[in-house]
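Chemist: Here you go, one structure.
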Amino acid sequence: MSRNIGYATPDKNTPLAPFAFDRREVGPEDVRIDIAYCGVCHSDVHQARDEFGGALATLWPCLPGHEIAGTVAEVGSEVTRYAVGDRVGVGCLVYWGDESQRGVSEEQYQNPPAIFTYNGQDPDTGDVTLGGYSDEIVVNEHFVLRIPDAIPLEQAAPLLCAGVTTWSPLAHWNIGPGSVVAVAGLGGLGHLAVQLAKARGADRVIALTTSPDKADAVRALGADEVLDMTDEDAVEAHASSIDFVLSTIPTPFDMKPYLSLIRHDGALVTVGMLEPIHEEGIDFGFVSMNRITIAGSLIGSIAETQEVLDFAAEHGIAAEVKVIPVQQVNEAFDEMVANDIRFRFVIDNSTLDADRDGAADLPASQ
Ligand code: ZN
């Protein structure tokens with residue numbers, strides 16, 4: 001077995017640090033991937049700091065990362081779709097919830113749920129799954145995505161979570177020509193959602209923000225208009241004018257002004273927020289009289305992940321990324337929490353080599 005290296009933490013109070021461990025041997029259906037880049041998702045911060053709770057409570061040790069891009073290094077004897085050297089990615093899922101789910105189309109909504117790339121339970125060993133802040137990963141080929149040549153690997157990485165998380169609801173609700181779409185929250189997810197909605201052919205894409213200083217940058221991504229949600233008159237002027245509000249706001253917020261924008265039979269869908277909002281004031285008079293749908297959406301299926309990669313390549317859509325050495329990942333976590341950043345931090349996984357000598361063994365799963 002070759003020893004692997006990755007950045008992990010044994011508990012919620014300790015910064016990520018280098019640890020040595022062993023990926024499983026490549027099985028018949030497996031692909032071993034040399035990881036070139038891994039995006040840093042807000043979920044990584046929440047999980048490493050055990051801020052989700054409930055069904056998403058953190059399993060230890062925690063080695064995050066589910067925006068993985070690299071090249072195939074080895075394939076199992078029954079692998080048919082990939083060959084050594086292929087440009088590939090791994091997103092949020094690495095295995096079905098159980099074997100009966102082979103062939104299902106929405107892996108993330110099954111019961112039991114599909115296995116997460118990290119903070120899941122490996123079906124073979126029972127150990128916690130370990131993510132992409134590491135040099136290699138071994139994954140069943142069904143959960144491996146093909147990265148089109150047109151997309152640099154570091155820009156492909158954020159599409160594997162942030163991209164598909166916004167793509168999936170846009171596809172499910174058939175957003176395209178004829179739709180007036182608003183995107184709320186203009187961070188890593190929102191800046192991709194604006195581009196994807198525009199490229200899907202929506203009649204009009206409106207960026208909703210409480211930080212009007214982002215207006216120029218958002219227009220440059222293709223937004224037709226920027227609406228300052230702190231300007232009550234402007235919000236009033238847009239009342240009942242929008243078909244679909246996609247909220248990427250990651251924490252509980254007052255939905256009422258956002259709902260007021262939606263027209264008859266429209267919907268507000270939130271992504272990236274996985275906690276109760278304790279919303280006292282949703283006016284179900286307004287919601288009912290306009291038959292508005294309030295919904296949530298969780299990441300995306302494997303098929304949708306491939307779709308968004310291919311669509312982004314075809315339409316020249318790219319995530320804005322800031323590539324960092326893995327040694328700066330703790331600072332990146334702090335900056336993501338402190339500042340409302342628009343780009344995506346992406347780890348250059350080749351920088352793991354500097355920590356290879358002398359790394360402690362990763363503690364056993366608990
Ligand atoms: Zn993510």
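Chemist: Hey, Thr9 hits all of (1) within 16 Å of the ligand (Cβ to nearest atom); (2) open to solvent by less than 30 Å² (accessible area, probe 1.4 Å) but one; which does it fall short on?
Modeler: With respect to (1) within 16 Å of the ligand (Cβ to nearest atom); (2) open to solvent by less than 30 Å² (accessible area, probe 1.4 Å), Thr9 is out only on (1).
Chemist: I would also like to ask the following. Condition first: modelled with pLDDT under 95 and not in a strand (DSSP E or B). Now tell me which residues in segment 336-349 satisfy that.
Modeler: Taking segment 336-349 as the starting set, the residues that turn out to be modelled with pLDDT under 95 are 336-344.
Scanning segment 336-349 gives Met336, Val337, Ala338, Asn339, Asp340, Ile341, Arg342, Phe343.
Chemist: Please name all residue pairs, on different chains or six or more residues apart, with Cβ atoms under 8 Å, provided the first residue is in segment 56-81 and is assigned by TED's automatic domain parsing to the domain that holds Phe143 and within 14 Å of Glu141 (Cβ to Cβ) and the second residue is of a type in the set (Phe, Trp, Tyr) and open to solvent by less than 20 Å² (accessible area, probe 1.4 Å).
Modeler: As it stands, the answer is Val72/Tyr82; Val75/Tyr82, since those pairs meet every condition given.
Chemist: Against the definition (away from the ligand (no atom under 16 Å from the Cβ), modelled with pLDDT of 95 or more and not hydroxyl-bearing (Ser, Thr, Tyr)), how does Gly85 come out, yes or no?
Modeler: Yes; evaluated as a whole, the condition is true for this residue.
Chemist: Of the residues in segment 229-248, how many are in contact with a strand residue (DSSP E or B) (Cβ under 7 Å, 6 or more places away or on another chain), open to solvent by 30 Å² or more (accessible area, probe 1.4 Å) and either part of a helix (DSSP H, G or I) or within 20 Å of Ala162 (Cβ to Cβ) (or both)?
Modeler: Going through segment 229-248 one residue at a time, the tally reaches 0.
Chemist: For segment 37-57, give me each residue that is surrounded by fewer than 22 Cβ atoms within 10 Å (Cβ to Cβ) and of a type in the set (A, V, I, L, M).
Modeler: Hits for segment 37-57 are Val45, Ala55, Leu56, Ala57.
Per-residue answers, yes or no, for (1) open to solvent by less than 10 Å² (accessible area, probe 1.4 Å); (2) assigned to a helix (DSSP H, G or I); (3) in contact with a Ser or Thr (Cβ under 9 Å, 6 or more places away or on another chain); (4) over 22 Å from His46 (Cβ atoms):
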{"site": "Gly126", "(1), (2), (3), (4)": "no, no, yes, yes"}
{"site": "Asp149", "(1), (2), (3), (4)": "no, no, no, yes"}
{"site": "Asn174", "(1), (2), (3), (4)": "no, no, no, yes"}
{"site": "Pro177", "(1), (2), (3), (4)": "no, no, no, yes"}
{"site": "Val181", "(1), (2), (3), (4)": "yes, no, no, yes"}
{"site": "Ala197", "(1), (2), (3), (4)": "yes, yes, yes, yes"}
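Chemist: Moving to a separate point now. What number of residues in segment 289-335 are part of a helix (DSSP H, G or I) and within 23 Å of Pro18 (Cβ to Cβ)? Even if it seems obvious, please write down each step before you answer.
Modeler: Here is the first cut: in segment 289-335, the residues part of a helix (DSSP H, G or I) are 289, 302-315, 326-335.
Still in the running and within 23 Å of Pro18 (Cβ to Cβ): 326-335.
Of the residues in segment 289-335, 10 are part of a helix (DSSP H, G or I) and within 23 Å of Pro18 (Cβ to Cβ).
Chemist: Please name all residue pairs, on different chains or six or more residues apart, with Cβ atoms under 9 Å, provided the first residue is in segment 38-50 and is within 8 Å of the ligand (Cβ to nearest atom) and the second residue is open to solvent by 40 Å² or more (accessible area, probe 1.4 Å) and in a strand (DSSP E or B).
Modeler: Gly39/Val321
Chemist: Do the conditions hold for Ala319, that is, is it among the aliphatic types (A, V, I, L, M), surrounded by 19 or more Cβ atoms within 10 Å (Cβ to Cβ) and at pLDDT below 95?
Modeler: Here the answer is yes, as Ala319 does meet what is asked.
The values are calculated or read from the model by the stated rules, or taken from the named source; none is laboratory data. For clarity, every value in this text was computed on a predicted model and none was experimentally measured. Here Cβ is always computed from backbone atoms with ideal geometry, including for glycine, and neighbour counts include all displayed protein chains. Accessible surface is based on the protein model in full, side chains and every heavy atom, while ligands, DNA and RNA are left aside. Shrake-Rupley method; radii C 1.70, N 1.55, O 1.52, S 1.80 Å.
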